[in-house]
Amino acid sequence: MGVTQGWTHPQREPCASMSIVVVGISHHSSPVSLREHFAFTEDELDRVMRQLTASGLVHECVLLSTCNRVEIYAATPQPPAEALRALKQFLLENRAYKGEIRDEIYGHANPASVEHLFRVASGLDSLVLGETEILGQLKKAYHLAKEIRLTGACLNKVFQKAFNVAKHIRSSTGIQRGSTSVGSVAVELADKIFDGLRGRRVMVIGAGDTSEKTARSLLSRGASELTVTNRSLARAEELARKLGGRAIGFTDWETEFEQLDIVISSTSASSYILDRARLEPLVQPRGARPLLLIDIAVPRDIDPEINDLDNVYLYNIDHLQSIAQDYLDRRQKEIAYCEAFIQSKASEVLESLHAAGTFSGGKTFFRTDASEV
């Protein structure tokens, strides 16, 4: 039976023989050129989660979609290996992906699935170790699923425990020292390329949370002039007022390129907003002055062919990995403690679910790796 057939009403009460599973794709398993095929817009999340629970494959689910990962967390009565295979197929079919997939989509069943959730919430699985944005993104995904009644006894308890674990790790360890967000690492890259940001002129395309945090980091490093543009001029003006910058209309931003040093783009566009044909005539008047483009959007905002232009330097979200690795090396000593704490808390919450009758069949929990999906 396919995952879109055999409708059953999602179950909200504790049920026997439930497993907690996760299937996903992230920066660990695939490049941005593949991840962007699987990204969900905010408008799609409600519909897709309802479709998944209506299939009868899962009783509870949370769908997380960020620039670095797409993951489905679910409580399911199906045998774990069967559920993981079906969820992988659901993801492929829903995104209409026809290409070859090997180990890029991973899957885990409890206790590995719960441990994975705790790592994600704590920033241990992020591009930048210890980054803080993922916790807010995870909470938002969970609250949406809970609000439309697609979580129940299993996922409510596990997600609430995940948030408590993340709070403890963030307050009791040093993994957040240094740059701890995609935006701040992007700024670190700009600082290195220009040997300081003082006097540099910056444009931020997109007025969302990532754009705001990136802009704040740029200003704190000495950027002298900030321009904000967004499809909604009102949102661009609001962000510009908060940061002491200047807002311009989305149809006018090309006119600014001759004066800019750095452009950071993070919109929700479904296709490139800037390609080579559009940019080439804009950079010719600049002469030999370098232009740094940092594309932190997924799907990407900027066509990678632009990097072939003289004096234009394009970096996407995957390129930030090398800088992130520096921070990973510095915080390596903290990881052993975090991993041990996560394992103990995952066992604790699973034992609690077992004692409450949510799980049956004793205390042996199924575990699977990505290669088994």
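Panel order for 146, 167, by other beta carbons found within 10 Å of each beta carbon, from fewest to most: 167, 146. Simple point charges give the picture: +1 on the Cβ of Lys and Arg, -1 on the Cβ of Asp and Glu, and for the range 70-215 a dipole about the Cα centre of about 360 debye. Alpha carbon centre of the range 78-150 versus the range 207-226: separation in Å? Each part's Cα centre sits 30 Å from the other's. If we count every other residue with Cβ under 12 angstrom of residue 35's Cβ, Lys/Arg +1 and Asp/Glu -1, where does the sum land? Once positives and negatives cancel, what remains is -1. Going by neighbour counts of Cβ atoms within 10 Å, the residues 32, 158 line up, fewest first, as 32, 158.
A short reminder: the numbers here are calculations on the coordinates, not readings from a lab. What you see is a predicted model, and the numbers here were worked out from it, not measured in a lab. Don't worry about glycine lacking a Cβ; one is built from the backbone with ideal geometry, like all the others, and counts go over all protein chains shown.
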